Amino acid sequence: MEDASIEPEEIKIYLDRILSEYGLLSDYPADQEQVDNNIKPTDNKWRCYIKPNQSVFEIDSKSKTLFIPIKKRSIIDVLTKGATHEIIHILQRENTAEIGLPLYTNPQQMGGDRSDLFQEGGAMYYQDQASQELFGFASPPGPHYLRAMAVKQAGGDYLACVKAYYENTISVNPKKGKLAPKTAISSARRLFRNSINFNNNDRSIPSTKDTVYLEQKAVVEEILKYSELQNLILVSGINLETAKEMIHFGLLDLSKLRTPDLSYVQKIWEEEKHKYTLDPPNTEPVSSPNSEETSEQTPPSPTTQTIDKKLKL
């Protein structure tokens with residue numbers, strides 16, 4: 001499935017369908033001029049756009065556009081990253097707008113320090129949920145990089161980290177032998193971005209995408225222990241302290257936020273997986289085990305005291 005690539009035009013059909021299921025698909029398609037000038041569609045809904053030179057799935061809140069990579073992507077990437085992760089970001093933006101405080105739509109303005117914990121942590125949580133449900137595995141941070149991180153934390157220098165990254169790569173996938181040295185050299189370099197001395201044995205780890213992912217995962221897992229707090233991961237641009245203040249002043253009712261329905265993604269997979277597996281096509285309606293819980297049963301809105309007592313993050 002990783003090798004079976006999907007054309008951008010087909011990806012757009014899938015993502016348009018997901019947005020339509022949520023009632024968020026605009027009747028007005030995007031064009032390059034609108035994207036360049038941050039022009040939203042007149043119905044204030046979202047649209048998908050195959051953007052030249054785009055390499056990843058990404059949303060642009062200013063033009064309300066979900067950018068699709070110009071190159072082919074695997075069905076796994078399409079359904080977990082495009083149709084789940086980025087769609088969660090769109091739901092977060094919609095929820096934030098519904099709160100009625102437009103300044104919170106930009107995490108750099110009023111959300112507070114570390115405001116991306118809920119935003120990225122929530123999107124990664126649902127991405128992992130979709131990946132586990134559809135394909136049987138979650139999406140952890142790169143194991144090779146984590147191995148190099150462990151070596152640095154044990155006092156290893158740059159070459160030791162490169163070796164750890166390389167050896168772990170080869171042990172997992174021997175076919176990557178030709179590319180592994182180059183990748184190991186560049187990836188391990190990120191662990192020494194705070195020092196030009198590659199002989200440095202400092203045990204500290206600079207902030208990286210992988211370390212941030214681990215922090216987000218820990219925060220989200222703690223929040224999800226309490227049903228009345230779980231919808232905190234469905235807002236964007238605010239951190240824990242800001243959320244407490246908003247709840248205290250009655251500005252954030254978590255029970256009224258729009259919640260995701262992973263059955264929309266599962267329906268697409270059930271219909272299309274015969275192209276990538278030995279299973280016959282299935283067009284029967286599919287319901288997610290969590291669809292009733294996420295779509296109909298909303299948790300009670302917490303009090304500020306609830307957050308203070310339950311979360312010690």
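The table below gives the values:
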quantity	calculated
Cross-link partners of residue 244 among lysines (Cα-Cα below 18 Å; sequence separation of 8 or more within a chain)	225, 256, 309, 310, 312
Dipole magnitude of region 155-202, debye to nearest 20 (Cβ charges: Lys/Arg +1, Asp/Glu -1, about Cα centre)	340 debye
Long-range Cα-Cα pairs in region 155-202 (distance over 16 Å), rounded percent	36 percent
Those GluC sites (Glu not before Pro) in region 1-82 that DSSP places in a loop and that have at most 12 other beta carbons within 10 Å	2
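Bear in mind that the values in this text are calculations on the coordinates, not laboratory data. Quick caveat: nothing in here was measured; it's all calculated off a predicted structure. Please note: Cβ atoms are built from the backbone with ideal geometry, for glycine as well, and neighbour counts cover all protein chains shown.
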